[in-house]
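**Student:** Below you will find the structure I want to go over with you.
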Amino acid sequence: MDTVPPGLGRLKNKAALVTGASSGIGRATALRFAAEGARLVINDVDAVRLETLRLAIAGAGGEVRSVVGDVSKTEDARAMVAAAVEAFGRLDVLVANAGIIPEMDLATATADDFDHVMAIDGRGMFLSCKFAVEAMLKTGGGSIVCLSSISGEAGQKRQAVYGPAKFVASGITKHLAVELAAQGVRVNAVAPGTIATDGLRKMSEEYIAGVTAAHPIGRVGQPAEVANAILFLASDEASFITGAILPVDGGYLAQ
Ligand SMILES: NC(=O)c1ccc[n+]([C@@H]2O[C@H](COP(=O)([O-])OP(=O)(O)OC[C@H]3O[C@@H](n4cnc5c(N)ncnc54)[C@H](O)[C@@H]3O)[C@@H](O)[C@H]2O)c1
């Protein structure tokens, strides 16, 4: 059940784009952003679930547009940013969240598997940032939050294709933060540990049990817990933070 929780107006008047918003972390983030007063463009390839989210946000009085599209396609990425500019006259916040999370070891992974993940998690994030920044610079700047992962900061078993794509997310964050800081665009990332989403449920039981036990806090995280961290980094409360990769991982990376 989608609910828009009570908010404090922490994104009041901000125009925000959340990619991959139909499920999991993206959906929780869109709901949280709506509660905090953001005007939203939500994107996903899953049109049906995207529409249920749009209805939930609009039903709670939120300003929201949806754009069905694939972030790895140049014209789709351009169109979702254009939708924000058309509807709200600006784009202040991008959450580059869309991604796929395959579990594969090196022996079974093919070059096509590698290219497919890189196309969405890597190229898609690059394109989302590229067009978002183009729009942000026209109105004085903005804030980007990329979805990295513990797999984008440390090595793990069976992450031979996904893990490197998440290192791309960490890399884009740091390089763009330096390139854009003087122009008023902050770029940060969250590095979630294992989060209870559809993406996780597609993983093997063996993987889930092992990775859960590896979190010092003794459980996996919830999408809303990641959304809280994304909200902070996206908001003006994080005005002196750029290039940071914030673990949201129950202590996983502290080990
Ligand atoms: N779940 C976790 O444990 C976890 C941990 C660390 C990082 N992450 C990252 O968080 C992000 C969200 O993951 P999630 O767990 O919420 O997964 P999820 O599968 O629940 O949601 C991902 C969403 O992205 C959409 N999507 C996939 N390909 C797309 C494309 N080409 N264009 C637009 N949308 C597309 C899917 O339809 C889906 O709605 C991903 O970038 C993932 O790498 C997840």
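The values are calculated or read from the model by the stated rules, or taken from the named source; none is laboratory data. Keep in mind it's a predicted model, so treat the numbers as computed, not measured. Heads up, the Cβs are rebuilt from the backbone with ideal geometry, glycines too, and the neighbour counts pull from every protein chain shown.
**Student:** Would you please name the residue that is nearest to the ligand (Cβ to nearest atom), looking only at residues in segment 192-243 that are among the aromatic types (Phe, Trp, Tyr) and either within 13 Å of Gly26 (Cα to Cα) or at pLDDT 90 or above (or both)?
**Tutor:** Among residues in segment 192-243 that are among the aromatic types (Phe, Trp, Tyr) and either within 13 Å of Gly26 (Cα to Cα) or at pLDDT 90 or above (or both), the one nearest to the ligand (Cβ to nearest atom) is Phe232.
**Student:** Restricting attention to segment 103-121, does a residue exist that is within 14 Å of Val41 (Cα to Cα), surrounded by fewer than 22 Cβ atoms within 10 Å (Cβ to Cβ) and in contact (Cβ under 8 Å) with a residue 12 or more places away in the chain?
**Tutor:** no
**Student:** Tyr162 fails exactly one of the following numbered conditions: (1) at pLDDT 95 or above; (2) in contact with an Asp or Glu (Cβ under 9 Å, 6 or more places away or on another chain); (3) surrounded by fewer than 21 Cβ atoms within 10 Å (Cβ to Cβ). What is the number of that condition?
**Tutor:** The single condition Tyr162 does not satisfy is (3).
**Student:** Being farther than 14 Å from Arg65 by Cα and either within 11 Å of the ligand (Cβ to nearest atom) or of a type in the set (Asp, Glu) (or both) is the filter here, so list the residues in segment 1-19 that pass it.
**Tutor:** Once the filter is applied, which keeps residues that are farther than 14 Å from Arg65 by Cα and either within 11 Å of the ligand (Cβ to nearest atom) or of a type in the set (Asp, Glu) (or both), segment 1-19 yields only Asp2.
**Student:** Would you call His175 within 19 Å of the chain's Cα centre (by Cα) and either under 25 Å from Gly9 (Cα atoms) or at pLDDT 95 or above (or both)? Quick ask: steps written out before the conclusion?
**Tutor:** Details: within 19 Å of the chain's Cα centre (by Cα): yes; either under 25 Å from Gly9 (Cα atoms) or at pLDDT 95 or above (or both): yes.
When the stated conditions are applied, His175 passes them.
**Student:** Report yes if some residue within segment 41-51 is away from the ligand (no atom under 13 Å from the Cβ), at pLDDT 95 or above and not in a strand (DSSP E or B); otherwise report no. Step through it out loud before you land on a result.
**Tutor:** So in segment 41-51, the residues away from the ligand (no atom under 13 Å from the Cβ) come out as none.
Within segment 41-51, none of the residues are away from the ligand (no atom under 13 Å from the Cβ), at pLDDT 95 or above and not in a strand (DSSP E or B).
**Student:** So is Thr110 β-branched (Val, Ile, Thr) and either touching an Asp or Glu at 6+ places or on another chain (Cβ under 8 Å) or within 12 Å of the ligand (Cβ to nearest atom) (or both) or not?
**Tutor:** Judged against the criteria, Thr110 is not a match.
**Student:** Do you know which of the residues in segment 1-50 that are surrounded by 18 or more Cβ atoms within 10 Å (Cβ to Cβ) and among the hydroxyl-bearing types (Ser, Thr, Tyr) is nearest to Val220 (Cα to Cα)?
**Tutor:** Thr29
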